[in-house]
Each structure stands twice: as C-alpha cells, then as structure tokens.
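Here the structure comes first, spelled out in structure tokens, and everything after it is commentary.
The values are calculated or read from the model by the stated rules, or taken from the named source; none is laboratory data. Keep in mind it's a predicted model, so treat the numbers as computed, not measured. Please note: Cβ atoms are built from the backbone with ideal geometry, for glycine as well, and neighbour counts cover all protein chains shown.
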Amino acid sequence: MEILNYINGEWVKPNVAEHADVINPATGQVIAKTPLSSKADVDAAAQAARAAFDGWRRTPVNDRVQYLFKLRNIMREHGDEIAKLITEECGKTFEEAKAEMVRAYENVEVACGMPHMGKGEFVEDIAPGIDELMIRQPVGVCATIAPFNFPGMIPFWYLPYALAAGNTYIIKPSEKVPMTMQYIFKLIEQVGFPKGVVNMINGAKEAVDGILEHPIIRAVTFVGSSKVAKYVYATAAAHGKRVQAQGGAKNPVIILPDADMEMTTRIVADSAFGCAGQRCLAVSLAVTVGESKNEFTELICDAASSRVVGYGMDAGVQMGALINSASQQRVEQLIALGASEGAGVPVDGRGARIQGFEGGAFVKPTILSEVQPGSEIAKTEIFGPVLSLMHVNTIDDAIQLVNSGQYGNQASLFTSSGNAARRFRYEAEAGNIGVNIGVAAPMAFFPFSGWKDSFFGDMHGQSTDAVEFFTQKKVVIERWPKEWTRKF
Ligand code: NAD
C-alpha cells in the first residue's frame with residue numbers, strides 16, 4: 001500500500017526523501033513505507049483546514065452530524081477490512097482488532113449527540129431587561145497525534161467530537177501503523193466531507209513539531225509515551241495551544257483473598273496478555289494480599305503458559321506479536337533486568353519461535369514473581385506480555401503500593417467485599433478504576449484519561465470532556481430595556 005497524505009480532499013505524495021518502514025510484526029517483512037512529512041506538508045494541511053473552517057462552522061450542527069452517521073455506517077460495513085489491516089501492521093489478533101473498532105464506532109455514535117451536548121446556557125433578567133447567555137463555538141483547526149497500539153480507535157476519541165462541534169481537523173497516525181488510517185481516509189473520502197475539513201499527515205517528529213508550532217492549529221491531542229507526552233504538552237502550551245496529552249502506564253491490580261480466583265485469573269490474564277500487553281490499560285503488576293498468593297500464583301502461571309500465541313489472523317490464536325523486533329528485544333531485556341534484580345521467572349516467554357513466523361516479534365506471556373517494591377522492573381512500563389507479581393499482608397499495604405507508582409492510568413481490585421471495593425474506589429490514585437474488571441476502559445459516553453504521569457492536561461478525551469475541549473465558551477450580556485421592547 002502506498003502511504004500518502006490527505007490534504008484538502010486530495011491524496012498528496014509528500015516531497016520527502018526519508019521514509020519509515022512499516023513492518024508486519026508477525027513476519028518481520030516490510031509491507032509499506034511511511035513518508036516522513038515535513039513542516040511544509042503540515043503547513044499545507046493547516047492552510048486547507050483553516051480555509052475550510054468558516055464554511056464548516058456555519059454548517060448547521062444537525063447537518064454536520066449527518067456526515068458522522070454516514071461515516072459510522074460505512075466504517076461498520078468495512079469493519080473486517082479495517083481489522084485485517086490492524087492485524088497486519090500492528091500484530092494483534094483479528095478479534096482484538098474488531099473489538100478495537102467497536103470503540104471507534106461508539107465514539108462516533110456519541111458525538112452524533114452534539115446538537116444536544118453542544119448547547120449553551122441562557123438566563124433571562126439577570127437584572128431587569130438584561131439577559132446573559134453562554135454559547136459554545138468551535139476552537140478552529142485541531143490536530144491529533146496518535147500512537148501505534150490502537151491505529152483505528154484512538155483518533156476517534158477526538159475526531160468525531162471535533163468535527164461535530166464545527167472544527168476542522170488534521171490527524172497524524174503513528175509512522176509504524178499508517179495503513180489503517182490510510183484505509184479509513186478512503187472511507188472518509190466516500191462520505192464526502194467538504195474539502196479541507198478532515199486532513200491527514202503521515203510522518204514522525206518533524207511532522208509533530210510542525211503541528212505543535214503551527215500558529216493556525218489551535219488545539220492538539222496526543223496519545224503515546226509519557227516522555228513524548230510531556231514534550232508535546234510543554235511545546236504546544238508554549239505555542240499558545242489548548243493541549244491534552246495522554247501518556248504511559250504501569251497498571252496495578254490488587255487481589256484480595258475473598259476474590260473468586262478462577263474469574264480473577266481469567267480476567268487478569270486477559271488484561272495482562274491481551275494485545276500482547278501493548279495496551280495502556282493492561283495490568284502489569286499483580287499485588288496479592290494475604291492468602292491469595294499461592295492459589296493466584298499457580299493459576300496465573302497456568303493461564304500464562306497455556307495462552308496460544310501466533311499470527312493474529314489464524315483461528316484460535318489468543319495473542320499476537322509485539323510491534324517490532326526492537327520492542328521484542330526491549331521486553332526481553334526488561335525480563336532479564338527483573339531476573340537480575342532478584343525476581344523469579346516461573347513462566348518465561350523469551351526466545352519464542354512460532355512455526356511459519358520465525359521472523360516475527362513474538363514474546364510469549366511471562367510471569368515475574370517476588371518482584372520487589374522500588375526495583376526498576378516494578379517501576380518501568382514494559383508494554384509487553386509480562387506480569388509482575390508482588391505480595392503484601394494487608395489491603396493498607398496494597399493501596400499504599402498502588403499509590404506509590406509514578407503513573408495513574410488504571411488500578412483494579414478483585415474482591416467480593418463491598419467495603420474493600422468502596423475503600424479502593426475512594427483511595428486509589430488513578431483515572432480509571434476497575435472492581436473485578438481487568439481493562440477499565442470507559443465507554444464513549446464517559447471521559448477517558450489517566451492521572452499523574454499518565455496524563456498532562458485538564459479536559460479528558462471522549463464524551464462531554466471532548467465537547468469542552470473542542471469548543472470555546474463565549475458569554476454574552478445583553479440589555480433590552482422594557483421601553484424598547486414594548487414598541488413592538
Ligand atoms: P510514542 O510516544 O513513541 O509515539 C506516539 C506519537 O508521538 C507517534 O505519532 C510518534 O510519531 C510521535 N513521536 C515519537 N517520538 C517523538 C518525539 N521525540 N517528538 C515528537 N513526536 C514523537 O508512543 P508509541 O510507542 O507509539 O505508543 C506506546 C505508548 O503509548 C505507551 O507508552 C502507552 O502506554 C501509551 N499509550 C497511552 C494511552 C493512554 O490513553 N494513556 C493509550 C495508548 C497508548
């Protein structure tokens with residue numbers, strides 16, 4: 001597939017020499033090349049989006065959401081094709097890819113409620129004959145910078161809300177997985193948005209910097225690692241932009257002795273090893289409390305070693321490859337680091353060989369046991385199918401351990417005690433809390449973001465927070481004296 005930019009309703013080949021390889025993670029083969037667009041390419045997209053803005057914001061909101069209804073339907077009709085591309089370039093299983101897209105459709109559906117969600121406020125007679133109203137107006141040209149792990153879903157945490165609210169848009173997909181959005185933009189083209197309303201720039205750092213520095217672009221959303229999130233947050237803010245940047249994670253789960261161990265193990269294994277652990281809400285630290293240790297350790301080791309790993313399109317495969325061989329090496333090195341810090345490795349997924357896919361970036365599910373609080377492996381985001389086990393004696397110690405982490409994307413508790421659950425919900429320091437839930441991903445009608453180093457910004461993604469982010473409020477105070485109105 002040739003990877004092109006989409007600017008002002010046209011497919012454009014950027015005039016650049018540098019490309020990034022797009023690799024099928026299961027085979028290691030190069031399947032496409034991402035052009036690394038320049039700041040001039042970003043400028044062309046920004047100018048097109050700016051030129052389209054006036055006409056789009058004046059399009060009635062009811063008409064704007066008709067485009068989104070059409071987009072949602074056409075994406076659903078082509079859901080299998082989209083999911084195949086996700087598996088091909090991202091490595092996750094076909095089922096996981098289809099589930100990813102359900103989240104994208106849901107966000108489009110919620111954004112179609114913009115005629116209601118975007119309404120303003122009005123108070124008559126704040127003083128005799130004086131009315132005050134608040135109206136929401138679009139911000140202008142907005143942009144999203146996306147990571148590799150959900151190539152189809154993540155742009156939809158933002159795009160549909162921004163468009164429905166009257167903004168025009170630029171998406172920069174991850175250079176590692178450009179094919180999914182390339183295909184989705186073919187569907188966007190069929191929807192027939194006015195030229196310049198939705199644009200796409202492919203590239204890496206230079207394209208990101210072009211977005212962050214561009215005076216026309218008024219708001220930026222970012223999802224990716226915390227290091228880049230911090231950079232994006234600071235740089236966009238220094239250029240006067242509204243910005244939200246979602247970062248990395250190290251999600252803990254606490255397992256109390258009264259939890260249903262069979263169910264807990266199944267759910268924790270799905271969370272830790274689903275999408276090969278490359279999910280910002282994946283559980284990566286399991287903290288057993290008191291007597292839960294032995295049974296959970298035994299069951300989770302069984303679950304890890306019996307998980308079927310392979311090519312994501314093959315039937316029965318439960319876990320695919322990591323994004324590329326660099327990531328595979330990094331994860332294997334981190335397992336070695338854990339072992340060197342004293343952790344046991346009762347299930348070791350290093351050196352995985354999948355017949356027929358010998359060039360693939362596979363690491364099988366791995367368990368590190370007796371991981372010590374404060375060790376590097378307990379703190380570092382692994383972003384692979386590795387679950388670290390820790391043990392404490394009380395729920396107090398467990399909550400303290402959870403809250404001592406640098407990140408705050410998700411924290412979960414497994415228990416049958418309402419009191420423990422209520423306490424955990426109250427005290428845990430994370431933006432997404434699961435109680436007997438492994439991946440606490442909010443539905444599209446709730447806001448989504450982490451806390452601490454998992455998020456830099458204020459308003460979150462999805463739902464009414466996205467409405468806040470993509471609109472600016474204007475307050476109007478009007479005086480209409482009684483004597484004047486009586487004339488009519
Ligand atoms: P990444 O930070 O490497 O890349 C994200 C985006 O930033 C890409 O579009 C990339 O082109 C760009 N980029 C990379 N380096 C840059 C630089 N130095 N300057 C400017 N731009 C740069 O992240 P990734 O590896 O694609 O994704 C994995 C990370 O994303 C993990 O840390 C994961 O936890 C996180 N993530 C977080 C969430 C969330 O909601 N909090 C969701 C998904 C993924």
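Assorted remarks:
- Being out of contact with any Ser or Thr (no Cβ under 9 Å at 6 or more places or on another chain), crowded, with 23+ Cβ neighbours inside 10 Å and either among the polar types (S, T, N, Q) or at pLDDT below 95 (or both) is a property that THR93 lacks.
- SER388 satisfies every condition listed in (1) buried (at least 23 other Cβ atoms within 10 Å of the Cβ); (2) under 16 Å from the mean Cα position of the chain (by Cα) except (2).
- Cβ-Cβ under 6 Å pairs, at least 6 apart or on other chains, the range 127-147 side over 23 Å from ARG242 (Cα atoms), far side modelled with pLDDT under 95: GLY129/TRP480; GLY129/PRO481; GLY129/LYS482
- Test: ASP54 is closer than 30 Å to ILE354 by Cβ and assigned by TED's automatic domain parsing to the domain that holds GLY210: no
- Given (1) out of contact with any Ser or Thr (no Cβ under 9 Å at 6 or more places or on another chain); (2) free of Cβ contacts under 8 Å to residues at least 40 places away in the same chain; (3) of a type in the set (A, V, I, L, M, F, W, C); (4) surrounded by 15 or more Cβ atoms within 10 Å (Cβ to Cβ), index of the condition VAL345 fails: (1)
- Checked against the criterion of being at pLDDT 95 or above, acidic (Asp, Glu) and closer than 27 Å to PHE383 by Cα, the range 62-84 has at least one qualifying residue.
- Every residue from the range 213-233 that is of a type outside the set (D, E, K, R) and not in a helix (DSSP H, G or I): HIS214, PRO215, ILE216, ILE217, ALA219, VAL220, THR221, PHE222, VAL223, GLY224, SER225
- Among the residues of the range 326-336, those that are crowded, with 16+ Cβ neighbours inside 10 Å and more than 22 Å from the chain's Cα centre (by Cα) comprise GLU332, LEU334, ILE335.
- Filtered residues of the range 179-209 (kept if within 10 Å of the ligand (Cβ to nearest atom) and either aromatic (Phe, Trp, Tyr) or touching a strand residue (DSSP E or B) at 6+ places or on another chain (Cβ under 9 Å) (or both)): ASN202, GLY203, ALA204, ALA207, VAL208
- Residue match in the range 323-342 (condition: over 29 Å from PRO147 (Cα atoms), in contact with a Pro (Cβ under 9 Å, 6 or more places away or on another chain) and hydrophobic (A, V, I, L, M, F, W, C)): no
- The residues of the range 240-299 that are within 30 Å of GLY140 (Cα to Cα) and not aliphatic (A, V, I, L, M), listed by number, are GLY240, LYS241, ARG242, GLN244, GLN246, GLY247, GLY248, CYS280.
- Residues of the range 147-170 that turn out to be over 30 Å from PHE122 (Cα atoms) and either outside the structural domain of ALA97 (by TED's automatic domain parsing) or buried (at least 24 other Cβ atoms within 10 Å of the Cβ) (or both), as a count: 8
- Scanning the range 438-455 for residues being more than 10 Å from the ligand (Cβ to nearest atom) and aromatic (Phe, Trp, Tyr) gives a total of 3.
- Here VAL177, VAL141 are screened, and the one residue that is within 18 Å of ALA44 (Cβ to Cβ) and either of a type in the set (A, V, I, L, M, F, W, C) or touching a Ser or Thr at 6+ places or on another chain (Cβ under 9 Å) (or both) is VAL141.
- Filtered residue count, the range 149-178, keeping only those that are more than 16 Å from the ligand (Cβ to nearest atom) and of a type in the set (A, V, I, L, M, F, W, C): 4
- Matching residues, the range 143-195, being assigned to a loop (DSSP other than H, G, I, E, B) and of a type in the set (Val, Ile, Thr): VAL177
- Taken over the range 213-254, residues that are near the ligand (Cβ under 10 Å from one of its atoms), surrounded by fewer than 24 Cβ atoms within 10 Å (Cβ to Cβ) and aliphatic (A, V, I, L, M) amount to 1.
- Filter pass, MET101 being farther than 18 Å from PHE469 by Cβ, surrounded by 17 or more Cβ atoms within 10 Å (Cβ to Cβ), touching a helix residue (DSSP H, G or I) at 6+ places or on another chain (Cβ under 6 Å) and not small (Gly, Ala, Ser): yes
- Filtered residues of the range 349-387 (kept if of a type in the set (D, E, K, R) and either touching a Ser or Thr at 6+ places or on another chain (Cβ under 6 Å) or not in a loop (DSSP other than H, G, I, E, B) (or both)): GLU376, LYS379
- Checked against (1) in a strand (DSSP E or B); (2) more than 25 Å from the chain's Cα centre (by Cα), ALA48 meets all criteria but (1).
- Residue match in the range 115-127 (condition: surrounded by 15 or more Cβ atoms within 10 Å (Cβ to Cβ) and part of a helix (DSSP H, G or I)): yes
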